[in-house]
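Remarks on the structure that follows.
The values are calculated or read from the model by the stated rules, or taken from the named source; none is laboratory data. A quick note: this is a predicted structure, and the numbers were derived from the prediction, not measured. Here the Cβ is made from the backbone with ideal geometry for all residues, glycine too, and neighbour counts use every protein chain on show.
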Amino acid sequence: MRRPSLGSALAARLARVWCVGAAALALVACAAPPRPEPSRVTSPDAPAGPVATPTSGPTSDHAGAVARLAGAPWGPRVDKRSLVVVPLADAAAWTHVNYWGVTALAGWRYGDEHHAVAAAFSFAPPALPATVDGCGERFAKWGRTKAKRFDLILGEPRVEELAWRAGPEGRARVYVIDADRRSVFGTKRYFAAYAVMPAWSDACLVVGFAVPGSGAMDDARAVRDRWARDGVAAIEVKAGAGARALEQRTFD
């Protein structure tokens with residue numbers, strides 16, 4: 001039997017890596033859960049926070065990389081326009097990326113194998129001023145359309161509302177979701193969360209985070225829950241920057 005060439009092996013690896021990242025991104029965008037009862041947490045006012053000095057990403061397997069994320073200290077990552085500060089564990093080891101087929105204000109991956117992904121999306125609200133409800137409904141509609149290319153089975157979401165002083169409405173909403181993705185290679189579990197934020201009066205912000213389970217179910221779930229519980233509340237934005245954020249809008 002002929003061995004595959006280095007080029008074909010690399011192409012297959014890149015296709016598999018893209019599949020993980022793309023499925024995770026679709027996951028953070030594709031649910032339209034019920035409205036929650038308000039709960040907890042506050043967030044600091046608008047941004048500051050240095051850009052993390054890049055380091056080499058994780059070189060271990062997925063289980064080792066996710067275990068590292070579960071206990072690593074927090075650090076800030078900033079989009080290239082310096083409009084949004086997103087807290088990430090082991091922040092310096094995340095790499096800025098562009099996701100094929102999806103325009104994002106910012107995107108990051110943890111390791112070459114996409115052991116975790118995060119992204120920030122900006123878009124215009126359905127009406128001014130931006131609200132949690134309006135931003136959430138627009139994003140869910142777009143996400144459902146994008147997710148049709150993936151065979152995703154969504155679990156029941158957990159929905160939390162938090163006080164978030166960085167935005168004009170003073171609140172944000174977090175959706176925490178488990179999902180399975182079916183393919184010819186079997187079924188994979190993803191753990192994801194996304195935060196809907198009327199970050200500016202004239203622009204919406206959604207920040208998503210996802211981790212494939214892949215042999216590290218408990219740690220992957222814990223990493224996702226940690227980000228939803230502790231990371232979202234500390235997201236910061238530059239005041240009055242809605243128009244600049246919309247220069248990199250995800251959809252019209």
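Just one of the listed residues (ALA106, ALA124, ALA119, ALA130) is surrounded by 23 or more Cβ atoms within 10 Å (Cβ to Cβ) and within 13 Å of THR250 (Cβ to Cβ), namely ALA119. For beta carbons closer than 8 Å, sequence separation of 6+ or different chains, a first residue in region 149-162 that is more than 20 Å from VAL232 (Cβ to Cβ) and a second that is surrounded by fewer than 18 Cβ atoms within 10 Å (Cβ to Cβ) and acidic (Asp, Glu), the qualifying pairs are LEU152/ASP180; ILE153/ASP180.
From the list ALA130, ALA172, ALA140, the lone residue that is in contact (Cβ under 8 Å) with a residue 40 or more places away in the chain and in contact with a helix residue (DSSP H, G or I) (Cβ under 7 Å, 6 or more places away or on another chain) is ALA172.
Give the residue, chosen from LEU88, LEU83, that is at pLDDT 95 or above and touching a helix residue (DSSP H, G or I) at 6+ places or on another chain (Cβ under 6 Å).
Going through LEU88, LEU83 in turn, just one is at pLDDT 95 or above and touching a helix residue (DSSP H, G or I) at 6+ places or on another chain (Cβ under 6 Å): LEU83.
Looking across SER214, SER201, one residue alone is more than 14 Å from the chain's Cα centre (by Cα), farther than 17 Å from LEU69 by Cβ and hydroxyl-bearing (Ser, Thr, Tyr). It is SER201.
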